[in-house]
Amino acid sequence: MKRWLSGILTAILFLGFPLAAFSEKALIEDVSVKQVNGIWRVSFTVENCFTEKMEEAIQTGIETIFTFYLQIYQKRNWLWDRKVGSFRFHRSLRYDPIRSDYQVALGETGEVLFIASLEEAKRRMARVEEVEIQLSSLVSPRASLELRIKAEMDSIRLPFPLEHLFFFVSLWDFKTDWYVKPLPM
């Protein structure tokens, strides 16, 4: 009877507290914003975006894709906030076992980097430098603006026969919460 009860309690704990709850949550940090000639330039870092399982998957050659969302909203007192600028881009990381290097594709610039170490490739994936966001012409110069940033990892796609065997790959996905920062006028 005690075995039966301990088995049920273990199952409840396992289902009630998924493994993702014990890992560190990915988040946006080190955000810097500057305005140059009416264009906002944003830099930031995504922390805790790689787990051990993701690193193992990358080492086997599975491509990892991050999607970044940057939005600028005009704050309004009487109505909903209005989106006045946005930019979405992807970055991908893939290991080439033949050449023994990592290929990092930067979607915001179209640049492809070939990097020797996994640590440097992860750093390049997680650090975004001076992405430009152009505002719509409808924004008044005195408008109160707010920057929102979010990052997420696209689902890892395995070759078709392996998708059915490794259905748990979706456990490697992550999304950050929206990072919100008021912009100076």
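Determine, yes or no, whether Ala143 is under 17 Å from Val46 (Cα atoms) and either assigned to a loop (DSSP other than H, G, I, E, B) or modelled with pLDDT of 90 or more (or both). Working first, answer last.
Values: under 17 Å from Val46 (Cα atoms): no; either assigned to a loop (DSSP other than H, G, I, E, B) or modelled with pLDDT of 90 or more (or both): yes.
The answer is no for Ala143.
Does Asp81 count as closer than 24 Å to Phe174 by Cα, out of contact with any His (no Cβ under 6 Å at 6 or more places or on another chain) and modelled with pLDDT under 95? It would help to see each step written out before you state the result.
Values: closer than 24 Å to Phe174 by Cα: no; out of contact with any His (no Cβ under 6 Å at 6 or more places or on another chain): yes; modelled with pLDDT under 95: yes.
Answer is no for this residue.
Applying the selection to region 156-185, what residues are modelled with pLDDT of 65 or more and over 23 Å from the mean Cα position of the chain (by Cα)?
If the condition is that a residue be modelled with pLDDT of 65 or more and over 23 Å from the mean Cα position of the chain (by Cα), then Pro184, Met185 are the ones that fit.
Being surrounded by 13 or more Cβ atoms within 10 Å (Cβ to Cβ) and farther than 19 Å from Met153 by Cα: is that true of Ile98 here? Quick ask: steps written out before the conclusion?
Working: surrounded by 13 or more Cβ atoms within 10 Å (Cβ to Cβ): no; farther than 19 Å from Met153 by Cα: yes.
No: the conditions fail for Ile98.
Can you give me the number of residues within region 122-140 that are outside any loop (DSSP other than H, G, I, E, B) and in contact (Cβ under 8 Å) with a residue 60 or more places away in the chain?
Pass one, region 122-140, residues outside any loop (DSSP other than H, G, I, E, B): 122-134.
With in contact (Cβ under 8 Å) with a residue 60 or more places away in the chain added as a condition, the list becomes 122, 125-134.
Within region 122-140, residues that are outside any loop (DSSP other than H, G, I, E, B) and in contact (Cβ under 8 Å) with a residue 60 or more places away in the chain number 11.
Scanning region 26-46 for residues that are touching a residue at least 24 places away in the same chain (Cβ under 8 Å) and outside any strand (DSSP E or B), which turns out nearest to Ile149 (Cα to Cα)?
Across region 26-46, the extreme among qualifying residues is Ala26.
Suppose we filter Val112, Val104 for residues that are closer than 26 Å to Val31 by Cα, without any contact (Cβ under 8 Å) to a residue 60 or more places away in the chain, loosely packed, with under 13 Cβ neighbours inside 10 Å and among the hydrophobic types (A, V, I, L, M, F, W, C); which single one remains?
On the way: Val104 fails: loosely packed, with under 13 Cβ neighbours inside 10 Å.
Among Val112, Val104, only Val112 is closer than 26 Å to Val31 by Cα, without any contact (Cβ under 8 Å) to a residue 60 or more places away in the chain, loosely packed, with under 13 Cβ neighbours inside 10 Å and among the hydrophobic types (A, V, I, L, M, F, W, C).
Against the condition at pLDDT 90 or above and under 24 Å from Ile28 (Cβ atoms), how does Met153 come out, does it pass? If you could, list the steps in order and put the result at the bottom.
Numbers: at pLDDT 90 or above: no; under 24 Å from Ile28 (Cβ atoms): yes.
Taking the combined requirement at face value, the residue does not satisfy it.
Yes/no per residue for (1) closer than 28 Å to Lys122 by Cα; (2) exposed (fewer than 11 other Cβ atoms within 10 Å of the Cβ); (3) modelled with pLDDT of 85 or more; (4) out of contact with any strand residue (DSSP E or B) (no Cβ under 7 Å at 6 or more places or on another chain):
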position	(1), (2), (3), (4)
Ile12	no, yes, no, yes
Glu24	yes, yes, no, yes
Val31	yes, no, yes, no
Phe87	yes, no, yes, no
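Matching residues to (1) loosely packed, with under 14 Cβ neighbours inside 10 Å; (2) at pLDDT 90 or above; (3) of a type in the set (Phe, Trp, Tyr):
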| site | (1), (2), (3) |
| --- | --- |
| Val42 | no, yes, no |
| Val46 | no, yes, no |
| Cys49 | no, no, no |
| Ile62 | no, no, no |
| Thr67 | no, yes, no |
| Arg76 | yes, no, no |
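Ile58 fails exactly one of the following numbered conditions: (1) surrounded by 15 or more Cβ atoms within 10 Å (Cβ to Cβ); (2) of a type outside the set (Phe, Trp, Tyr); (3) in a strand (DSSP E or B). What is the number of that condition?
(3)
The values are calculated or read from the model by the stated rules, or taken from the named source; none is laboratory data. Just so it is clear, the structure is predicted and the values come from calculations on it, not from any experiment. For neighbour counting, all protein chains shown are included, and Cβ atoms are generated from backbone atoms with ideal geometry for every residue, glycine included.
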